[in-house]
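Written below as structure tokens is the structure these notes are about.
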Amino acid sequence: MPPSVFTPLVRDWFANAFAEPTPAQAQAWPAIATGENVLISAPTGSGKTLAAFLWGLDRFVAEPGEHRTRLVYVSPLKALSYDIERNLRVPLRGLGLDLRVAIRTGDTPQRERAAMLRAAPDILITTPESLYLMLTSRARDLLATAETVIVDEIHAVAATKRGAHLALTLERLTAAAGREVQRIGLSATQKPIEEVARFLVGAKPAGGAAADDCVIIDSGHVRARDLALVLPDAPLEAIMSNEVWENLYDQLARLIQQHRTTLIFANTRRMVERVTRHLSERIGEEHIAAHHGSLAKEQRLDAEQRLKAGTLRALVATASLELGIDI
């Protein structure tokens, strides 16, 4: 049973849907309920996304009102954004909430962007770059009512130029709201986690670190992993020969056949296409697909859904599918 901080409706829904809260959820909810900035550090599959969202949904139950953007979710990847929108349908349906959920990414058609200005979403799902564009356009007015911002996979951007840009955007969001917006960060296990917390909440007005302004929920643990190092049978050369590549493709094909689904990551879009082509010759075109940023949105979504449904044996991808996708 979740803590008593939730409304009876939310507590009952959770009790019917889950056996018990995960450690990340049980530790995070009391801190989130106080309005504190919270960083949840936990492995994938630990329920940290629901830990962040459930309190926001509870506020919609406890304080219903006209449609206005109160909850903002920021993901570094488009694929994760679409996952979140689909996953939210279950609790929204279970709680009987009639909320508008909108996705704003680089793939969002202009007509949908215009529709958001006419009818504000209650929950906005977006990327760092799209949030910045909204805060520097007419859409800024939508974000004046924001109460909470959830930043997912925060560790992936914290130490990058993209992260510096996101830090500025979070400050712009606070300025647009005219008050402090509660920040909830979701991270894989990181050391030192305090650095990620400082990034989430920013610097204090007088300067200096602000890690003390963030409650850190660290439920990280070491999972058992089945790891193996597989090398081509042919001798390696400074420049891999066709023989080595063919051997590599053969080994990948055998691994794919031994498992229900397989994710294969490559460094470049060109390499993704190359690996996909060679593997399709071995396992059949219908069993494998490519996934990278240059593909049309419809192609990417189709590949993701086929993989999750089990009709796709393997997916070859760049980092476009690397973070937190819910398989």
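Quick notes on this structure:
- Debye log10 I(q)/I(0) at q = 0.20, 0.28 Å⁻¹ for segment 136-208, Cα point scatterers: -0.89, -1.37
- Note on the chain: Cα Rg divided by 2.2 N^0.38 Å, N the number of residues, gives 1.09.
- Under 16 Å from the Cα of residue 297 - lysines, other chains or at least 8 residues apart: 78
- Alpha-carbon centroids, segment 249-327 and segment 9-67: separation in whole Å: 33 Å
- Calculated FRET value between residue 15 and residue 161, using beta carbons and R₀ = 56 Å, to 0.05: 0.80
- All other residues whose Cβ lies under 12 angstrom from that of residue 67 are scored, Lys and Arg at +1 and Asp and Glu at -1, for a net of +1.
- In this structure segment 43-170 gives 40 Å² per residue of accessible area when probed at 1.4 Å with all protein chains present.
- Segment 233-306: relative contact order in percent, alpha carbon pairs under 8 Å with at least 6 residues between: 22 percent
- Working from Cα pairs under 8 Å separated by at least six residues, relative contact order for segment 17-134 is 27 percent.
- Distance-filtered residues of segment 254-295 - backbone nitrogen under 11 Å, label point 7 angstrom along residue 228 Cα→Cβ: 254-256, 258-259
- Pair residue 273, residue 179: separation of 7 Å Cα→Cβ label points (nm): 5.2 nm
- Theoretical gain in end-to-end length, residue 117 to residue 265 [0.36 nm per residue, Cα-Cα removed]: 49.5 nm
- Going by accessible surface with a 1.4 Å probe and the largest first, 93, 138, 11 read 138, 93, 11.
- Here each label is just a point 7 Å from Cα along the line to Cβ, and for residue 247 and residue 110 those points are 5.5 nm apart.
- Share of carbon and sulfur in the accessible heavy-atom surface of segment 1-102 [1.4 Å probe, %]: 51 percent
- Projected label points at residue 285 and residue 93, each 7 Å from Cα along the beta carbon direction, are separated by 3.5 nanometres.
- Magnitude of the charge dipole for the chain, about its Cα centre and with charges confined to Cβ atoms of Lys, Arg (+1) and Asp, Glu (-1), is about 680 debye.
The values are calculated or read from the model by the stated rules, or taken from the named source; none is laboratory data. Please read all numbers here as calculations on a predicted model, not as lab measurements. Don't worry about glycine lacking a Cβ; one is built from the backbone with ideal geometry, like all the others, and counts go over all protein chains shown. Side chains are part of the model used for accessible areas, which takes the heavy atoms of the whole protein and leaves out ligands, DNA and RNA. Shrake-Rupley method; radii C 1.70, N 1.55, O 1.52, S 1.80 Å.
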